[in-house]
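Scroll down for the structure; my scribbles are underneath it.
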Amino acid sequence: MSFNGINVQISLDTFLHFIYAIYLLSKKSSSQCGKGDKRKISVCFFQSRKTTQRIAELEHELAVFQSIRQDLMEEMLYFAVDRQGSIIEANAHFLSSCGFQLHELGQISHHISKKAQNSQHTQAMLDAIRNGEHWHGAMQFIGKDGEDHWYRVIMQPVPVKNSKCLTAYCVEPAQPLSRSLRS
């Protein structure tokens, strides 16, 4: 989110609490508007038509965002990883694709192909996880069957109580990426 040209990161919960507080203030009766009392003046401010309209727009935008996020988590291969590299959440699609149960996954680095572990590309992914930063690219993951599973991944940082985790949305290409990269 950007405010007067300054990027601001707040958690979704904080944002929702802020919107709800503004909503409650906007519902105060106009009889509370008065001169001299700063609290009453701020209540009057939040009753303005433009502010009420903006709140409605932000509520709609938030609802759309939440709907898209939910759809991505349900329809795509999805997992979440904390900044220490532990896979903390995964949907049924991802678990089915790699063959593991969530409790078997542990550290993401333990599932990266030996061939790819020292590559600059993989190191950039692991650095992004440690730093809680956005990353996208191909991930060569060893499934429970011992085979390479290639995923195209987008990892996005999500603030979570004094930290960040990264949510990862991915697809498993129909043909291995190594073959498509050679073409």
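The values are calculated or read from the model by the stated rules, or taken from the named source; none is laboratory data. Computed from a prediction, not measured in an experiment: that's the story for all the values here. Every residue, glycine as well, gets a Cβ built from its backbone with ideal geometry; the counts of neighbours run over all protein chains shown.
Name every residue in the stretch 46-65 that is in contact with a helix residue (DSSP H, G or I) (Cβ under 8 Å, 6 or more places away or on another chain) and either under 29 Å from Ser109 (Cβ atoms) or not β-branched (Val, Ile, Thr) (or both), in order of residue number.
Step one: of the stretch 46-65, the residues in contact with a helix residue (DSSP H, G or I) (Cβ under 8 Å, 6 or more places away or on another chain) are 46-47, 51-52, 55, 58-59, 62.
Within the stretch 46-65, Phe46, Gln47, Leu58, Glu59, Leu62 meet the criteria.
Would you say Leu16 is under 25 Å from the mean Cα position of the chain (by Cα), of a type outside the set (Val, Ile, Thr), modelled with pLDDT of 80 or more and within 17 Å of Val158 (Cα to Cα)? Show your work before the answer.
Values: under 25 Å from the mean Cα position of the chain (by Cα): yes; of a type outside the set (Val, Ile, Thr): yes; modelled with pLDDT of 80 or more: no; within 17 Å of Val158 (Cα to Cα): yes.
Answer is no for this residue.
State the number of residues belonging to the stretch 93-129 that are part of a helix (DSSP H, G or I), under 17 Å from Ala80 (Cα atoms) and without any contact (Cβ under 8 Å) to a residue 12 or more places away in the chain.
Residues meeting the conditions: 5.
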